[in-house]
Amino acid sequence: MTAIRRGIGALAPEERPNAGKVINAAVERMEAALAGAIDKLGNAQLEAQLSETIDVTLPGAPARIGSIHPIRRVMRDIGSYFTRLGFAVLQGPEIETDANNFDALNIPADHPAREGLDSFYLRPDLVLRTHTSPMQVRAMRESGPPIAIIVPGKAYRRDAVDARHLYQFHQIEGLMIGTDIHFGHLKGVLTGMMRELFGPQQEVRFRPSFFPFTEPSAEIDTTCPGCAGTGHRAETTCRTCGGSGWIEIGGSGMVHPNVLRTVGYDPERVAGWAFGVGPERLAMVRYEMNDIRDFVENTPSFLEQTS
């Protein structure tokens with residue numbers, strides 16, 4: 001229309017007035033047609049919305065809520081068991097002194113055990129703790145016997161990441177110090193812990209081992225929950241224990257006299273036992289997992305399965 005109006009000047013003088021009237025009439029008709037089309041589309045949209053039906057009795061979409069992480073669940077169950085026995089639950093610093101992490105636990109600088117435990121040093125005398133055992137030293141220095149504690153927390157080692165190892169993991173340390181404490185107490189407590197986690201059928205065995213801060217020392221095994229200790233499941237070799245019928249869960253032993261002397265205790269008057277177990281290892285058995293990395297991948301489908 002703009003181009004046509006500009007062309008009016010080229011018309012003969014007597015044609016110009018009539019041309020303007022014709023153009024204006026055409027513009028009015030087109031604007032009226034456009035307005036009518038817009039109204040028609042708007043009415044059609046309104047009719048479609050009014051014809052929709054909503055069943056207000058149908059349940060809404062469920063909200064996705066969080067759940068307790070498998071490792072936290074295992075740690076909570078272990079903590080509940082020990083608090084019922086009268087143990088205190090302590091937590092300690094993840095940044096430890098080299099003296100507490102090694103020297104006070106009978107691991108001097110030239111000890112071969114340091115090679116497998118040397119970890120992430122922040123400076124020559126500070127290290128990210130390689131186990132929760134330094135809290136044994138801290139607790140005994142702050143309090144005299146008797147002592148009954150567990151210490152849940154993180155530990156760090158420069159392990160290569162694979163299906164069974166992470167550079168950061170959790171441990172639960174247990175310590176009992178007093179008079180007339182012997183290895184039989186340790187066996188009874190750990191057997192009860194395993195039955196708390198896996199059921200009344202669980203048994204515990206101890207295999208001789210070596211740890212610098214305990215003497216005698218033993219690895220802790222429990223009967224495989226997957227096959228009830230038979231080594232077979234559904235006429236095939238049990239995948240959880242590899243057919244042995246046993247699962248290794250940690251280390252234990254009687255507190256070494258050198259450790260007791262370091263904190264000012266008299267090993268002739270008091271004795272005690274200690275153990276350390278890995279919640280990741282227990283959770284892998286409990287939930288029949290094959291890869292420890294699943295714990296830190298933050299996959300919602302995995303967390304929903306173990307909730």
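Details
- The single condition among (1) over 30 Å from GLN168 (Cα atoms); (2) outside any helix (DSSP H, G or I) that GLY86 does not satisfy is (1).
- Enumeration of residues in the range 51-65 that are within 31 Å of the chain's Cα centre (by Cα) and free of Cβ contacts under 8 Å to residues at least 60 places away in the same chain: GLY60, ALA61, PRO62, ALA63, ILE65
- Residue in the range 137-145 that is polar (S, T, N, Q) and either in contact (Cβ under 8 Å) with a residue 12 or more places away in the chain or within 19 Å of ARG281 (Cα to Cα) (or both) present: no
- Scope the range 38-71; condition within 30 Å of VAL285 (Cβ to Cβ) and surrounded by 10 or more Cβ atoms within 10 Å (Cβ to Cβ); matching residues: SER67, ILE68, HIS69, PRO70, ILE71
- Boolean, PHE210 is assigned by TED's automatic domain parsing to the domain that holds ASP103, among the aromatic types (Phe, Trp, Tyr) and modelled with pLDDT of 90 or more: yes
- For LEU90, the test of being assigned by TED's automatic domain parsing to the domain that holds ASP294 and surrounded by 12 or more Cβ atoms within 10 Å (Cβ to Cβ) is passed.
- Test: MET176 is at pLDDT 95 or above, surrounded by 13 or more Cβ atoms within 10 Å (Cβ to Cβ) and either under 22 Å from THR132 (Cβ atoms) or small (Gly, Ala, Ser) (or both): yes
- Every condition in (1) in a helix (DSSP H, G or I); (2) modelled with pLDDT under 85 holds for GLY60 except the one numbered (1).
- Index of the failed condition, ALA160 passing every other in (1) under 29 Å from the mean Cα position of the chain (by Cα); (2) assigned to a strand (DSSP E or B); (3) of a type in the set (A, V, I, L, M): (2)
The values are calculated or read from the model by the stated rules, or taken from the named source; none is laboratory data. The structure displayed is predicted, hence computed values, not measured ones. With ideal geometry, Cβ positions are generated from the backbone for all residues, glycine too; neighbour counts draw on all protein chains shown.
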